Structures are given as structure tokens and as C-alpha cells.
Amino acid sequence: MTYEPQKDFGTPPSNSEKMVILTIDGREVSVPEGSSIMRAAAEQGTDIPKLCATDSLESFGSCRLCLVEIDGRRGTPASCTTPAEEGMTVKTQTPMLQKLRKGVMELYISDHPLDCLTCAANGDCELQDQAGAVGLRNVRYGADATHMGQEKDTSNPYFDYDPSKCIACSRCVRACDEVQGTLALTMEGRGFDSKISAGLASDDFLSSECVSCGACVQACPTETLIEKNVVEIGTPERSVITTCAYCGVGCTFRAEMRGEQLVRMVPWKEGKANHGHSCVKGRFAWGYAQHQERITKPMIRASIDEPWKEVEWGEAFAYAASELKRISEKYGKNALGGITSSRCTNEETFLVQKLIRAGFGNNNVDTCARVCHSPTGFGLKNTFGTSAGTQDFDSVDDSDVILVIGANPTDAHPVFASRMKRRLRAGAKLIVIDPRKTDLVRSPHIEADHHLPLRPGTNVAVLTAMAHVIVTEGLADEDFIRERCDWDEYSHWAEFVSDKRNAPETLEPVTMIAADELRAAARLFASGGNGAIYYGLGVTEHSQGSSTVMAIANLAMATGNVGRRGVGVNPLRGQNNVQGACDMGSFPHELSGYRHISDGDARALFEDDWAVTLDPEPGLRIPNMLDAAVDGTFKALYVQGEDILQSDPNTKHVSAGLAAMECVIVHDLFLNETANYAHIFLPGSTFLEKDGTFTNAERRIQMVRKVMTPINGMEDWQVTQQLARAMGLDWDYSHPSEIMDEISRLTPSFAGVSFDKLDEEGSLQWPVNDAAPDGSPIMHVDGFVRGKGKFIVTDYVPTDEKTGPRFPLLLTTGRILSHYNVGAQTRRTENVAWHPEDLLEIHPADAEDRGLKSGDWVKLNSRSGETTLRAEITDRVAPGVVYTTFHHPATQANVVTTEFSDWATNCPEYKVTAVQISASNGPSDWQEEYEALSEQSRRIASEIEAAE
Amino acid sequence: MSDTTETLVRMANQIADNLMQESDPAAATAQHIKLYWDPRMKAKILAAQADGLNDFALKAVKILNMQ
Ligand code: SF4
Ligand code: SF4
Ligand code: SF4
Ligand code: FES
């Protein structure tokens, strides 16, 4: 595709189903009622000159450039604010309009530097275009301009603000308000004197409330707000549509390129997950792809004490295959296993699990979803019949009550959070169940109707108490339940939740939630109209993670909130392809499409296609692999795109497991923490360097497209294929589309998916099959996938992780907007400007008891280990609770987390660790030892030689 | 008891605790282990027998032993 900016229709589309017909410049056009004349004209191919309008924002009507004449009406109304009406006759170009527009344009230009030739936005500037469009040829007014000569603000690492170019159209201010919902910008002054400002006068962009989402940069019609990259590299010359590789929202972007150089990522307006919006990570934080620490050559070593030796690909594959074969012969085939990555594509993930099942000959395959959303799979499969969220993101527009539990979408799922906030500003009610006062609880123009700051680890108790209120106060939707669920199971469940021991009053000492408040929240959810539940890792990463997911499903069924728009159960997935990794058969007990490995029919399908015999017994999950390694029965691991040493709990246990293995193959972009224990390193490729698909939290399958050649020489699926071939498998895929064809052949919910169909449709939400050839935005519409919805009794079982005199506080963990997971990518970008280190949030009362203040080093101890980090004193956390993120390896937050896990899935209990904190003067012994080990383990022979 | 056996015992107990409301908690626990544990884990818990297992977990192990 050659470069063309995305078409701008001037004002947002109207959702009306009623059409109106009008005549514009002598041609009839039919548009949905409520469309502006500007939009109607654009649909018909006539671009009316405009400056203050853009189709991501509501019309504003300030620039007066878009004037039109309408038969039978006086004056020249603005086409962006005038709705199209049936029978209207509009003229967009007359001598009078031309004269008026020229006058307006002249005023704008008189206050604008005329350095177009050297301006970075030359050729990509709406002011320039519009000056041409209105035929402006000279400017009569003097250059006593108000904006010129003002200083640039270059504080944001990704974009500049040059007020001298500003035309005061306020598109940026409105983008920040309407699209992003941060309300960081204001327009100061009036008329031509006005100037935008990021918060207080003293604030620059970096120190302001701005979260660097880039919406204002995209909205700005001039060079005033512009990506630094465009200034440095120049305007793009072509663009490719692809999908963000960070979080489960799955924003689609236009990767705008010059040659093989990426100039900028611009959110794609047609993207169904993001509708043209993005966050700082996807839009700006892709510099890691070219980071100097990226490893581009395969490396091997016989022992982890040795420095790495760079080798050719062929030697690396041969060595890996010989090691895997040696270990299989010596210890048996079950001593081998592998881990797929939620960062990689569906096709890559599918191949890794195929290599393990068909090549290694066992089911020891797991995925990093183990440590985040495995309870979602278990819980939703058992209650509804399928392991996925029920809605598309757009559904939130029809929600009346939004319940957010254990999720912090403004940080972890920012683009969806902006959507949700827009709905909240429009009047939907909000219930937040979270130990912390997250941003959603209170932010500009948003205030939660109920915030239930529960004690970490008591989710099930809180949800059961809510169910108690709903059932005992007669608020359950019995018609829905009789029609859609098994009534006997419901009755059994209703009896259980109605028991007095589940009353909010009885549970108050456990949950620490005032019973009145909980009752009010439950009543609101049950009777406030369409109720939608959104949840995240604060639900799953508990010893009762699976029970909590089932309790959420129970609540949705009991209130009739499943099977239509505006309702449903919505897991907010962490990584970009968590949903996909789970769908692709990455769990040791399941083939793709969630069919149990003991299911003979499902196995037969694969056995036929792959010409192998599959083991009917489930394999090891990640924590079980590590235990088995310590026991000496598990010896070799292939890890694709995952850093278990940093991301998994109880670091010391993970390192003991890895150290006990004879062959660890790490396939990644960087020498990550796990690679400290690796013997073979296979360099990986970034999402910019490969073709494939990701599946987001709405089950939406979207294309990832290669925009540049992989600097390591191979896409990740090719690496896995070569490894398989070295082991004697006759794989011969020439393109990821062929892998997708195999997935669709073997997976009923993907039956209608192919790259061609995805190219055609833009995206597809599974199931895609004969019954739903274009996919399924909402699930369980006419009935649950499993038949009848199943109520499952979820009894509150307190975690074994208990506070006591030695460890009196509860540590809970989370993430922050600017970083992603273990931070391997974002730490290697300018995003460190916002979050250079992990901090420990401590309530003022707990800090005072211990004589701590913000910025102090504190020692954080649990029964697993200790680490140190700096304190931040804040009442976002409740007394007795401390909180940190885990984005930086130096912090080693997981040295402190324990081996406790969800009862059903072994998903680690990251969200609850009993700890003590005390003043400290620097890093712990473990941190120092580990630092030394990392340094030693990362040596590369060629670099040592070069240095000598 | 080795660390890893202890882990399995804790896991089995936890499963039983969470399935206490099922009509047959021991059978449900046994079924869960059967569906989600790798054979070497099953073998290990069968060998561990009574040590540290709670009532339903113990019954579940017995059920598995008979299968
Ligand atoms: S980058 Fe985003 S948050 Fe920052 S000012 Fe612009 S729109 Fe607002
Ligand atoms: S910075 Fe750009 S978008 Fe904002 S008012 Fe100025 S010209 Fe308009
Ligand atoms: S990180 Fe998530 S919200 Fe941000 S751009 Fe990427 S997909 Fe969108
Ligand atoms: S574009 Fe209509 S008034 Fe500015």
C-alpha cells in the first residue's frame, strides 16, 4: 500500500438505522439519520474544507471553514454541526462560500509561520491542505501573530509540542477529553490568543497528568503536536495494518513506514477493538525491536558457568536436537517439555505445542497463561461451556451497571478503559471491587457508585455475599434461570448462598466490607438494568481463582446478564495473545479448542492429521515441571517468548528447578532472566518481523503483518519448524497461513478461519463455523454453549497464606500503564521516563508505625525470601496492605511471592503474600548475588574477546 | 516427606477443600486429579498415601488407587 492518510469523514458515524436522502452538489446521497452534512458529503466523496472537525470527535463548530448553503435556509451554516435531513439540497462550493472560507483561512495563516518547506509535517498537514483547498494565494494581515516564537515543549519522550504552529482548533483538548478520557489539556485564553496547556502553568507534558496515549497528536491538524520520529525520520511513504503485541485489548495499527524503517504506529480507525485509539505502549513503545541488547545470533554452551558461544543456526538446531534426543533416551520421553508464549502468534504457539505432543511424544506443554488466566479457562468452561469472555468491547456502550473486580483497566487495558469511561461519563453506574483505590474509583468526571475495598484473598466471600443479597431479597431473574439454566442446580446454589453464614453481615469481619455498602452494590447490580462484569488478574491469581471466576459466572446467570449486548462476563486478558495461546492447545490437558486430551475422538483427529500416536494422559504444568525437575524426572525445556524466572512466583524455587535441568532452550529477543540458566539461545523475532494472528480478549482474531525483515534472520515459527526438522519431523510449512489452515481443520471453533477470510473481514471473533460464518461477537445468545448454564457452589476457603506476628501485612501485586509484564520490552524504550523502578505502596499508618517515608529503601520479607525497593506512602492502599509492580528484574518481587496457587489450575497466588517491611539501606544479599550471577551468565565469548 | 511430595499433598487437600460442597467430594477430588495431573504426580500421591492428606483427599487417593 502506498501512503495515504486514513480518510477523515469529519464527524463520527451515526448508529441510526433510519436513513435519510439528501442532495449534495446535485447528487443524491443516503446516510443514517443523525449524520452531519459534512459526513454525508464525505461519504459521497466530497471533502468539505474543515479544520476543527475530525471524525474521532464530536463536532465543535469553531473554525467556520466548513460552511455550506442549504436551499430554503438563510445564511451559511457549518456543515459539521448541521445534521443531514430528508430532502435537503446542499451546495458545498459557491463563490460566496469560497470568499468566506478564504477569509477564515487567511486569518489562520496570518498567525502561522510560513516555513512549510522545512516543516516536519510538510505534506501531512491539514492546514496546508485546506489552504490549497480554499484557494488561498496571499495573506493580507501583518505578522503580529500571537503564537509565533513560543518555546517548544519537548519533555515527552515521543512527541513535541510547538505552540507557534497552533491554530487553537482544540482538537487536542477534545481528543484528550472524549477519546482518552484523561482531561489533561485545557485551552487557555480566548480567540486567537488561546493556547493549549497540559494542566498547571508550571507543567510540561511529561510532568502533567498526560498518559502519552497520543490521541491529541493524532487529532492535531498541524505540526504543533507531532511525533519526534516524524521530525527525525520524515513523513511515511507506505503503511501496513498490524496488531499491537502488548496487551489483550488487541489494538490494530497502521505501521507507517519509510522503506524498512518504522516511522510511527497510528491506531487504525477501522480496528474493531480500538476504533482508532491506542495507549502509550502500542503507539510509541516499540523501540525495543531495534534495541542494542537484542540477540540476533544463536548461541550455545555446555554449562551455564561458561560464556555463550555464537554459532550458525544449523549448529544450534543440531545441538539442540542432539541434546533433546540424548535426554529422551537417557531419562525417558516424559523428561522433556516446553512452554508456549502468549506474546507469540497463534500459529507459533500451535507449532510449539505440536512439537511437544507430536515430536517430544508427551503432553508436557504449558503456557504463561498458567500464571494469569488459567482459572478463567477452568471457571467459564465449567459454568458456560467455553473458556472465553462472552462479549465484544463495543457491548459496553449498552451497559447500565459496570462491575469491575480485580482489574485496573486504566493501567492494564487502557484503550478499553477509555471506552468504559466514556460510557460511565454518559451515565452508567460503576461498582469497583478492589483492595486499592484504582484510578477508576475516582477520576475526572467519574466516581464509582460503590467501591468495595476488600481484604485481598476474599473475592469468593464478597461475591457469595452479593449472591446472598440477590437471592434472599428476591432480585434473581428466575425467568432467565428457568429458561437458560438447570433449575435444580440453581436451587442447590441458591440454598447455599442464602445460608446465614454467607450474609454480608456475617462475612464482614472476613471481607472487611461494610455490609450495608455490599448490600447496596448487590442491589444495584441486580436491578440497575444491563449489568456487565469485567475482571482481571485480581480475580484469577488467588488460591480460589477458579472459584471466583465461577462465582462471577453464577452472579451473571442469577441476574440474567448473559447472552445479549451490554451484559456478560468479560475477562480482561493480560498479554496480547493469552486468549489465543489458550485456544491453541497450550495447556497440558487440552488440545486446541479446549478438548480434553483423554477425549479419544478429538485425539484421533490429530493423530490422523499428524500421523502419530498421542499420549492420552495430561502432562505437567509449569510449576509441576519445576517440581519434577527438582525430583530429577524432568530434564529439558524449550521456552518460547516467556521469562519464567522473572514472571513466575517464588523465584528461588524456579531457579532451583531450572538449575536442575540438563538442557534449557530459550527462544526470545533478549537474554532474559530465564536465559541465565539456559544452554541454548535461539534469537526470536518481534511482531514487526512476522506474519500471523493474535486473538484478543474479545476472541477477536486479527492479523499481524510483517513490516520489516527479521534482524535475527527467521520468524519464530520458522525457528520452531527447523528445530522440529532437526529432531526428524517432516514439517514443511512455507507460510503461517498454512499453519492456520491446519488449525482450522483440527479446531471446530476455528473451522471458518483463514488468512484470506481475515484479510477480507479485517477480523473475526470465534467461533467461526457453519452456524456463524462471520464469527460471534456475543456468545450464548440463544443458549449456553454447554446446553444449560451450570450454577456451581463456590465455598469460601481462606488461603493458607496467613498474616501473623512475623508477617503482619498483605502484599498484592499489579501493573502500571507504561510498562508491560516483566518489562523486557518496555524497559528497553523511553517508557522508563514514567516508571524507572518498582515502588512499594504503603498506607501512611503502616509507614508511620515503622518510621518510613516516601523514597526510603524498605526491606520486604516473606517466608519465601526478601527483597528491597523504595517506598511510596499513599492511601490508595488500605491499612495492612502493601502493593508493588513487577516490571523490573532488579526488584525481584517474585522472590517474595510464594508457591501457593489456585486449587484447580495452579495459577499462582500472586495477589496475596503475607509480608513484613522494615527500613533498609540498599539491595538484599539475594539481589546482589543474583546481579553477580546474571552478569556472569550473560557473558558472550565474542564480546569478551572483542573487549580484550 | 520431600518438598515436592508435600506440594502434591497440599494441592490434593486444597482440591478436596474446594469441592466440599459437591455431592460426593471424594469422587469429585479423584476426578479432578485424574483430569489434570500428570501420571508421575498421580503415582507420587498414591505412594504418599495417608501422610498429611485430609479425609476427602485421602478417600480420593483411594478411589484413584482402585482405578
Ligand atoms: S497524549 Fe493522550 S493523555 Fe496526553 S494530552 Fe494527549 S490525549 Fe491527553
Ligand atoms: S495543538 Fe494542534 S490540535 Fe491542539 S489546538 Fe493547536 S493545532 Fe489544534
Ligand atoms: S498495549 Fe493494549 S491498549 Fe495499548 S495499544 Fe497495545 S493493545 Fe492497545
Ligand atoms: S470544521 Fe466545521 S466549524 Fe470547523
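Taking the centroid of alpha carbons for each part, the range A:469-508 and the range B:18-67 are 30 Å apart.
Computed from Cα positions, the angle between helix A:487-498 and the longest principal axis of chain A comes to roughly 90 degrees. Candidate cross-link partners of A:Lys788 among the aspartates and glutamates, defined by an alpha-carbon separation under 20 Å and a same-chain spacing of 8 or more, comprise A:Asp477, A:Glu478, A:Asp479, A:Glu483, A:Asp486, A:Asp488, A:Glu489, A:Glu495, B:Glu22. Filter the cross-link list A:Lys354/B:Lys59; A:Lys790/B:Lys44; A:Lys381/A:Lys911; A:Lys272/A:Lys381 down to pairs whose alpha-carbon distance in this structure exceeds 28 Å. Over 28 Å apart, Cα to Cα: A:Lys354/B:Lys59; A:Lys790/B:Lys44.
Report the antiparallel proportion of the DSSP beta bridges in the protein assembly as shown as a percent, rounded to a multiple of 5. Restricted to the protein assembly as shown, the bridges split so that about 60 percent are antiparallel.
Counting only DSSP beta bridges whose two residues both lie in the range A:385-571, roughly 10 percent are antiparallel.
If neighbour count is taken as other Cβ atoms inside 10 Å, put A:Thr651, B:Thr4, A:Thr913 in order from fewest to most.
On the way: A:Thr651 25, B:Thr4 19, A:Thr913 30.
Ranked by crowding around the Cβ, least crowded first: B:Thr4, A:Thr651, A:Thr913.
With helices as the sole contributors, the protein assembly as shown gives -9000 deg cm²/dmol at 222 nm; each DSSP H run of n ≥ 4 counts as -39500 (n - 2.57), and the sum is divided by every residue.
Across chain B, Cα pairs under 8 Å and at least six residues apart give a relative contact order of 41 percent. By the rule of a C-alpha distance below 17 Å, with chain neighbours fewer than 8 residues away ignored, the lysines paired with A:Lys706 are A:Lys690. For the range A:809-936, the Kirkwood estimate of hydrodynamic radius, built from reciprocal distances between every pair of different alpha carbons, is 15.1 Å.
What's the extension gain from A:Lys330 to A:Arg876 if we count 0.36 nm per residue and subtract their Cα-Cα distance? Could the numbers behind the result be given before it?
Details: separation 546, 0.36 × 546 = 196.56 nm, distance 5.44 nm.
191.1 nm is the gain from fully extending A:Lys330 to A:Arg876.
With contacts taken as Cα pairs under 8 Å at a separation of at least 6 residues, chain A carries a relative contact order of 13 percent. Counting only alpha carbon atoms, the long axis of helix A:515-527 and the longest principal axis of chain A meet at about 60°. Between the Cα long axis of helix A:414-425 and the first principal axis of chain A there is an angle of about 60°, rounded to the nearest 10. Bridges between two residues of the range A:19-133, per DSSP, are antiparallel at a rate of about 85%. As a rough footprinting exposure proxy, the listed residues A:Met466, A:Met714, A:Met96 were ranked by other beta carbons within 10 Å of their own, and the order from fewest upward is A:Met96, A:Met714, A:Met466. If the limit is 31 Å between Cα atoms, which of A:Lys281/A:Lys333; A:Lys437/A:Lys859; A:Lys7/A:Lys429; A:Lys859/B:Lys34; A:Lys152/A:Lys281; A:Lys7/A:Lys228 go over it? As for pairs spanning more than 31 Å Cα to Cα, those are A:Lys281/A:Lys333; A:Lys7/A:Lys429; A:Lys859/B:Lys34. Once divided by 2.2 N^0.38 Å, the Cα radius of gyration of the protein assembly as shown becomes 0.96.
For the protein assembly as shown, a simple Cβ point-charge model (Lys and Arg +1, Asp and Glu -1, everything else neutral) yields a dipole of about 920 debye relative to the Cα centre.
On the principal axes of its alpha-carbon atoms, the range B:3-66 has extents of 30, 19, 18 Å, going from largest to smallest. Taking every C-alpha pair closer than 8 Å and separated by at least 6 residues, the mean separation divided by the residue count of the range A:19-133 gives a relative contact order of 28 percent. Rounded if a/c is under 1.5, else prolate if a/b beats b/c, else oblate: with a ≥ b ≥ c from the C-alpha gyration tensor eigenvalues square-rooted, which is the range A:905-948? It is oblate, given that a/c is not under 1.5 and a/b is not larger than b/c.
Annotation for the range A:336-372 versus the range A:714-740: alpha-carbon center distance of 14 Å.
Taking the fewest neighbouring Cβ atoms within 10 Å as the starting point, the ordered list for A:His843, A:His542, A:His413, A:His291 is A:His291, A:His843, A:His413, A:His542. Each part gets one Cα centre, and for the range A:522-552 versus the range A:391-421 those centres are 13 Å apart.
When the chain is fully extended, how far beyond the present Cα-Cα distance does A:Thr613 get from A:Glu483, taking 0.36 nm per residue of separation? Before the final figure, lay out each step's value.
Details: separation 130, 0.36 × 130 = 46.80 nm, distance 4.26 nm.
Value of the extension gain: 42.5 nm.
Stretched out straight at 0.36 nm per residue, the stretch from A:Arg238 to A:Glu943 would grow longer than its current Cα-Cα span by 250.1 nm. Estimated from the Cβ-Cβ distance and a Förster radius of 60 angstrom, the FRET efficiency linking A:Asp599 and A:Glu517 is about 0.85.
Dividing the C-alpha radius of gyration of the range A:385-571 by 2.2 N^0.38 Å, with N its residue count, gives 0.94.
FYI, it's all coordinate maths here, none of it is from the lab. A quick note: this is a predicted structure, and the numbers were derived from the prediction, not measured. Ideal geometry is used to build each Cβ from the backbone, glycine not excepted, and the neighbour counts take in all protein chains shown.
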